[in-house]
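Input: one structure, supplied below.
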Amino acid sequence: MNISDNLKTLRKHIPENVQLVCVSKFHSSKEITAAYDVGERIFGESRVQELVEKQALLPQDIQWHFIGHLQTNKIKYITPFVTLIHGVDSLKLLNAINNQAAKNNRVISCLLQLHIAQEDTKFGLTKEELTILLNSNEFKQMKHVKIAGLMGMATFTDDEKQVEKEFSYLNETFQQIKIEYFSNEPAFKERSMGMSQDFRLAIKNGSTMVRIGTAIFGNRNY
Ligand SMILES: *Cc1c(COP(=O)(O)O)cnc(C)c1O
């Protein structure tokens, strides 16, 4: 598995205006360094412990994104350094991030996760839950989180029509939410969608941020 060749091939399919998050979960610091050495700076991890260990060991100019399901009691370990938290799917979690960010004197960028897949096993807010969150007084008072956009995960299927439908739904919802809640907020601009299997369809449907692991680092050993 040649990480630099994989990245060279992958980069040809990702336009300049789309950010690549190299999903390095379950991969070693050595493998991350191989990607770093060819210029990658944004890495995504899904487990707090693993992220904290890697952050301490690896170059300090890496921008670490948390892409997993975050438990409130573990937020404090990543708030000193995390650049972006994808997949925030409750007011309770956002509030807890806000509190920890305040203790660190930071404003932490977050993406709200929209439920777009057919499977109900995947996390995320419905559009209605999303608007309830954004309308809440509790949210309006948070000073230490910034909502940078939406994140979503499509159904795991070969049915491209279905996947496209889900990505375009996220994009449409993003546009509506932007007009209604963030028209004066240029930071609200990201649509984090697309993984190794479906990133081309995601980009075609408005993705600004793809999260790719396997196509860079190969299969994970769980
Ligand atoms: C693991 C993971 C990815 C990367 O998936 P690949 O299929 O390896 O590209 C992307 N997003 C999330 C939320 C993940 O947990």
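The values are calculated or read from the model by the stated rules, or taken from the named source; none is laboratory data. Since the structure is predicted, the reported quantities are computational estimates derived from the model, not experimental observations. FYI the Cβ positions are ideal-geometry reconstructions off the backbone, even for glycines, and counts take in every protein chain you see. With ligands, DNA and RNA removed, areas are computed over all heavy atoms of the protein, side chains included. Shrake-Rupley method; radii C 1.70, N 1.55, O 1.52, S 1.80 Å.
What whole-number value in Å² describes the accessible area per residue of the chain for a 1.4 Å probe?
Numbers: 11140 Å² over 222 residues.
Computed with neighbouring chains in place, this is 50 Å² per residue.
I would also like to ask the following. Cα centroid distance between segment 126-198 and segment 22-85, in Å?
Their Cα centres are 22 Å away from one another.
Please report the Cα spread of segment 30-125 along all three principal axes, rounded to whole Å, starting with the longest.
So the three principal-axis extents are 38, 36, 19 Å.
Rounded to the nearest 10 Å², what accessible area does GLU172 show when all protein chains are kept and the probe is 1.4 Å?
Here the residue's solvent-accessible area equals roughly 100 Å².
Largest first and in whole Å, give the semi-axes of segment 100-215's equivalent ellipsoid, each being the square root of 5 times a Cα gyration tensor eigenvalue.
Values: eigenvalues 136, 47, 35 Å².
One finds semi-axes of 26, 15, 13 Å for segment 100-215.
May I pose another question? Given q = 0.26 Å⁻¹, what are the Debye log10 I(q)/I(0) values for segment 1-43, with equal point scatterers placed on the Cα positions and solvent ignored?
-1.00
Diagonalise the Cα gyration tensor of segment 46-97 and give the resulting equivalent ellipsoid semi-axes, square root of 5 times each eigenvalue, largest first, whole Å.
Numbers: eigenvalues 78, 21, 17 Å².
Computed over segment 46-97, the values are 20, 10, 9 Å.
At most 10 other C-beta atoms within 10 Å and a DSSP loop state: those are the exposed trypsin sites (Lys or Arg not before Pro) I care about. Give me the longest piece of the chain that has none.
Details: sites that count: LYS12, LYS143.
No qualifying site falls inside 13-142, the longest such stretch.
Less than 13 Å Cβ to Cβ from ALA56, Lys/Arg counted +1 and Asp/Glu -1: what total charge do the surrounding residues give? Each step should come with its number before you reach the end.
Numbers: positive: LYS54; negative: GLU45, GLU50, GLU53.
Counting the neighbours of ALA56, the net charge comes to -2.
One-quarter of the Cα convex hull surface for the chain, in nm²?
Values: hull surface 47.7 nm².
Averaging across all directions leaves 11.9 nm² for the Cα convex hull.
Follow-up question, since we're still on this one. Could you please state how large a percent of the accessible area of the chain is carbon and sulfur, counting protein chains only and using a 1.4 Å probe?
Working: 5420 of 11140 Å².
That fraction is 49 percent.
Using only the alpha carbons, work out the radius of gyration and Dmax of segment 111-165 in angstrom.
13.7, 43
Right, something else. Modelled label-to-label distance, THR155 and THR131, 7 Å Cα→beta-carbon offset: nm?
Between THR155 and THR131, the simple spin-label model gives 2.4 nm.
Using only C-alpha positions, report the orientation-averaged shadow area of the convex hull of segment 161-222, nm², one decimal. Before the final figure, lay out the partial values.
Details: hull surface 21.2 nm².
Taking the Cα atoms of segment 161-222, their convex hull projects to 5.3 nm² on average.
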